[in-house]
Each structure stands twice: as C-alpha cells, then as structure tokens.
C-alpha cells in the first residue's frame, strides 16, 4: 500500500539479479491479480484498492493440507469463510479458488484429495466459478525441501505418472462441475484430456468483467500451457515465511524468515536479499 501511494515499486529479477521499476500510477495500471493463502491481513487494503477504482482478481489457494506439508497456513475453514465474504463484497468473478499444488503422499493419497476437494468445493459453491489445479512441479529445490520435510515429519511423497494424474484430475473436474465451477489446469498441457481447459490465471477477460470495461492484454513470453495475459510480477522469491514443504519460491524457511524480518515496509521492494 505504501508503494501504491507513492506510485511505483522496484522488483529484483530472479534470473539476472538486476532491479527494475514498475509503475503503479493509476493511468498505467489496468488492474491487479493477487495470489494468497492468507487474505486476512489484506482485507483493509482491498477495500482501499476498490475505493480507488482499481479492479482486482484474487487467486486464493485453499488446500487444507496436513501440517507436515503446510506448517503455518491458516485453517481451511477460515479461508473458505473469507473467500465467501470477499465474493459477497466484490463478486464471484473476482474470486478464483486454487487447489494446488497437488501433492501425492502417504498422508495425501488420491482418495484423500477427492474427499478434501469435494468438501471444499461444496463449501465454496456459488462463491466462484473456477478452480485451478496443478500437480507440484518437482524442481531441484522443491525436491530438496520435500525430502527434508519427509525426513523430519515421517511421510513419503511421490511424483505419480501421467495416468494417475489424469485419473485424479477427471474425478476432481466432475466434483467441480457438480458445484458450479469449471476446473482448469495450470501450465501442464499433458493433462488436458477429455476436454479439459488450460488455466488463464492472469485473465484479462475476467478482469474486464470485474472492471465493467474492456481490458485488452495479449499473451506474451509464456511457458507451454500457460495462457496468462501479459503482466508485471511485483512479488519476490525467498520472502514468504510460511514454510510449505513443497514451495518452489523459497530456498529454505530460515532464509525467508531472515528476509521477512529485515523487510522495510517503507522500502521500494519486497526482497531483503
């Protein structure tokens, strides 16, 4: 909110280390897409952003995983209440539920996901029209973090084959449809079977509906299977202290805690690195 007030922020490019500036001037911002697992502290800023006439869409991740996988994520039931509250305030088109990444383990086998997804989808019926899913992308640091958590917490995880993934996605898609939602798949084109649709997480069409005006943006520079509209990311790696075992955006929780602790809310960026 400080950066919005001052009209711009700085972002560290994670691939080259250089810092670039992003304007947040009203005439240069079409709208915002916010990703979160913990919207509670952001309720007041959302009211102010809405008051300023800036449209937004919230990508709200609610998995309800065991603490061994998500050590400090808010309770799923509370998150469901908040998503429904926000839907009532800003409309269902402003809300997208994310059930991702899907982790297959002895704590969370496929049948566990079906039961959990069904419970959440039923609770969220009418509050959103889309749920985005994906399976965990097993990058090197993802594997390292998952392996470390598995040793400490005593569970076993696996990256299932495409057949098992497709079977689970089809079951989840049926549950989503029964609850008035379209299931889309984020950046995993191999799972687009039986008419499945690819996710467009940064969606200019959805943002246009929220804004009640046309917001035109092309797709540009996306990875395979990604349909997102062109955007500027103002987030930062190694800045979240939640400690999710599967996180690809944090090297380790201690480093993220250090960055979080040294963050200056008056500063131009999020990264303490």
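Can you pull out the residues in segment 42-68 that are touching a strand residue (DSSP E or B) at 6+ places or on another chain (Cβ under 8 Å), in a loop (DSSP other than H, G, I, E, B) and surrounded by 18 or more Cβ atoms within 10 Å (Cβ to Cβ)?
55, 62, 63
The set of residues in segment 94-121 that are more than 13 Å from residue 64 (Cα to Cα) and in contact (Cβ under 8 Å) with a residue 12 or more places away in the chain comprises 94, 95, 96, 104, 105, 106, 110.
A search for C-beta distances below 8 Å between a residue of segment 75-93 that is at positive phi and surrounded by fewer than 18 Cβ atoms within 10 Å (Cβ to Cβ) and any residue that is modelled with pLDDT of 95 or more and in a helix (DSSP H, G or I), counting only pairs 6+ apart in sequence or on different chains, returns 91/210. For first residues located in segment 9-20 and at pLDDT below 90, partners that are part of a loop (DSSP other than H, G, I, E, B) and surrounded by 15 or more Cβ atoms within 10 Å (Cβ to Cβ) and lie 6+ apart or on another chain with Cβ distances below 7 Å form the pairs 12/236; 12/269; 12/271; 14/237.
Exactly one of (1) modelled with pLDDT under 95; (2) assigned to a loop (DSSP other than H, G, I, E, B); (3) more than 25 Å from residue 116 (Cα to Cα) is unmet by residue 261. Its number? Only one criterion in (1) modelled with pLDDT under 95; (2) assigned to a loop (DSSP other than H, G, I, E, B); (3) more than 25 Å from residue 116 (Cα to Cα) is unmet by residue 261, namely (2). Restricted to helices (runs of 4 or more DSSP H) entirely inside segment 69-154, those with at least 2 residues that are at pLDDT below 95 are 140-153.
Can you tell me how many residues in segment 28-41 are out of contact with any strand residue (DSSP E or B) (no Cβ under 7 Å at 6 or more places or on another chain), outside any loop (DSSP other than H, G, I, E, B) and either surrounded by 15 or more Cβ atoms within 10 Å (Cβ to Cβ) or in contact (Cβ under 8 Å) with a residue 12 or more places away in the chain (or both)? So the answer is 1. Reported count of residues in segment 234-254, each being buried (at least 16 other Cβ atoms within 10 Å of the Cβ) and part of a helix (DSSP H, G or I), is 1.
For segment 186-233, taking the residues that are out of contact with any helix residue (DSSP H, G or I) (no Cβ under 7 Å at 6 or more places or on another chain) and in a helix (DSSP H, G or I), the one that is farthest from residue 36 (Cα to Cα) is identified as 189.
Per this entry, residue 146 is not counted among residues that are at negative phi, surrounded by 12 or more Cβ atoms within 10 Å (Cβ to Cβ) and without any contact (Cβ under 8 Å) to a residue 40 or more places away in the chain. Filter segment 155-165 down to residues that are in contact with a strand residue (DSSP E or B) (Cβ under 8 Å, 6 or more places away or on another chain) and not in a helix (DSSP H, G or I) and give me whichever is surrounded by the most Cβ atoms within 10 Å (Cβ to Cβ). Applying the filter and picking the extreme gives 157.
The values are calculated or read from the model by the stated rules, or taken from the named source; none is laboratory data. What you see is a predicted model; the values in this text were computed from it and never measured. No Cβ is skipped: glycine too gets one built from the backbone with ideal geometry, and neighbour counts run over all protein chains shown.
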